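The values are calculated or read from the model by the stated rules, or taken from the named source; none is laboratory data. This is a predicted model, so every value here is computed, not measured. Quick reminder, even Gly has a Cβ in these numbers, built from the backbone with ideal geometry, and neighbours come from all protein chains shown.
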Amino acid sequence: MGQGVLTTGFARVQGELYCEDVPLERIARHVGTPAYVYSASTIRDRYERMDQMLAPVPHRIHYTLKANSSAGILELVRGLGAGADVVSGGELHRARRAGFAPQDIIFGGVGKTRNELAEALDAGILLINAESEAEIRDIDSLARERGIVAPVSIRVNPEITLDSPHEYIKTGGRGHKFGIPHDEALNVALAAAELPNVELVGIDMHIGSQLTRIDPYREGAERLASTIAALRDHGVSSLRYLDLGGGLGVRYDSEQPPDLARFAELVLPVVQATGLELIMEPGRFLVGNAAVLLASVLYRKRSGGKNYVVADAGMTELLRPSHYGAFHRIQSVQQQPQHAIVDVVGPVCESGDFLALDRELEDVQPGDLLAVCDVGAYGYAMASNYNSRLRPAEVLVDGDQFAVITAREQYDDLMRLEIAEPEWTRGL
Ligand SMILES: *Cc1c(COP(=O)(O)O)cnc(C)c1O
């Protein structure tokens, strides 16, 4: 299976941008802007590609909620057969609400609280990906209190140098806070295997995000395989899963998306040789290309020789440009002949509030609609209420139909948790 043509779900029909069979303009009229618009068929396409690519080995695909945890998206992904990968008690709650069976949920993250670990154990999830020896001891004692044996997998930091586009999304290099350093992993795993209320069921890594090359997966898988072999030499026979994490990249601009055929060719033989079931934790790969952020142009203005497009969406709706310096293509929903070089900025009172800088864009005017592309992952999930802005609506398109899956926030939502008449407690 080669790279193939990746379905985008978004295309122009007679100059007008559509999501599947629905004109984006129609959605904007119905729902208003800003709004996230998702293509269901794109998510299905990515899931099926990954599932097919992994077909030569027994495998489980656990969708990583932090990329996008909206119930409508979770429902879709679960319906395709995915499990869930969560990193907080809140995500565990969301996954269960969305109908994921506990045995289809895995729980990772560097700083789980005892409460969160207890919730995971009480739910009876498939496994906890533990990131330190202290955490494994906490799990053991919580499991003992409950009279159970906790399934634990150990996240190893394979200490690989990566080509990820931003420091903030590298997680498997030497000195990162994540996982247990490769050279300590064997001892920690052996200690875990000795604990009476822990069963060591897996070895795990997650080396970074937006990875476009495959060799780091191969290198990491080999390191994990050597730890697995050493554990078996020491008589550990409880291992069932080899978890290679997420991180597969998507195309935002001109980058080559990862070659799945190459992944199958380079990485699966290493997995096969271990005899373990493969777990993958994709986030961005499944949903990244599956959405646009629809925004309206509010104003055009010039300042200091710069040409600005002021939109009704900015860093509060899509943080990636200002947080990671990320590039997102922007298109006018109605095709236009004239182009201009502009900064596309939002209404937030911060100079870092932008969606694009020095970008050649259609010469849009107030009232025109913009589509900020490839925002399905780490888009809505990172939206905030800064400046008391309302988080946008989310809309799912499937063929010629669309539905609001998350309502636009209302003003009263902003103050829902604030206590008008606080109850004072004496501090002494
Ligand atoms: C964020 C994360 C993922 C998903 O990463 P993507 O780059 O979105 O695929 C998977 N596993 C863990 C542990 C993560 O923290």
Filter segment 180-216 down to the residues that are within 19 Å of Val270 (Cβ to Cβ), within 12 Å of the ligand (Cβ to nearest atom) and touching a residue at least 60 places away in the same chain (Cβ under 8 Å) and list them by number. Asp204, His206
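Of all the residues that make up segment 186-216, how many are touching a Gly at 6+ places or on another chain (Cβ under 8 Å) and either within 30 Å of His328 (Cα to Cα) or among the aliphatic types (A, V, I, L, M) (or both)?
Filtering segment 186-216 for residues touching a Gly at 6+ places or on another chain (Cβ under 8 Å) gives 204-212, 216.
Within this subset, residues satisfying the condition of being either within 30 Å of His328 (Cα to Cα) or among the aliphatic types (A, V, I, L, M) (or both) are 205-212, 216.
Number satisfying all stated conditions: 9.
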How about segment 166-216: which of its residues are assigned to a helix (DSSP H, G or I), touching a Phe, Trp or Tyr at 6+ places or on another chain (Cβ under 9 Å) and crowded, with 24+ Cβ neighbours inside 10 Å? none
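Can you list the strands (runs of 3 or more DSSP E) found entirely within segment 1-115 that contain at least 1 residues being more than 21 Å from the chain's Cα centre (by Cα) and not small (Gly, Ala, Ser)?
On the way: elements: 10-13, 16-19, 35-39, 59-64, 83-86, 105-107.
Once the strands (runs of 3 or more DSSP E) in segment 1-115 are filtered for at least 1 residues that are more than 21 Å from the chain's Cα centre (by Cα) and not small (Gly, Ala, Ser), what remains is 10-13, 16-19.
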Tally, over segment 169-218, of residues that are farther than 18 Å from Pro282 by Cβ and either in contact with a helix residue (DSSP H, G or I) (Cβ under 6 Å, 6 or more places away or on another chain) or not assigned by TED's automatic domain parsing to the domain that holds Ile148 (or both): 12
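For segment 271-285: of the residues being within 13 Å of the chain's Cα centre (by Cα) and in a helix (DSSP H, G or I), which is nearest to the ligand (Cβ to nearest atom)? Give the steps one after another, and end with the answer.
Start the filter on segment 271-285 by keeping residues that are within 13 Å of the chain's Cα centre (by Cα), which leaves 280-285.
Now restrict to residues that are in a helix (DSSP H, G or I): 284-285.
Details: Arg284: 4, Phe285: 6 Å.
The qualifying residue nearest to the ligand (Cβ to nearest atom) is Arg284.
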Restricting the first residue to segment 97-124 and requiring it to be within 17 Å of Lys66 (Cβ to Cβ), which pairs with a second residue that is of a type in the set (Ser, Thr, Tyr) meet a Cβ separation below 7 Å and a spacing of at least six or different chains? Gly109/Ser88; Glu116/Ser88
Does segment 399-417 hold any residues that are basic (Lys, Arg) and exposed (fewer than 13 other Cβ atoms within 10 Å of the Cβ), and which are they? Arg416
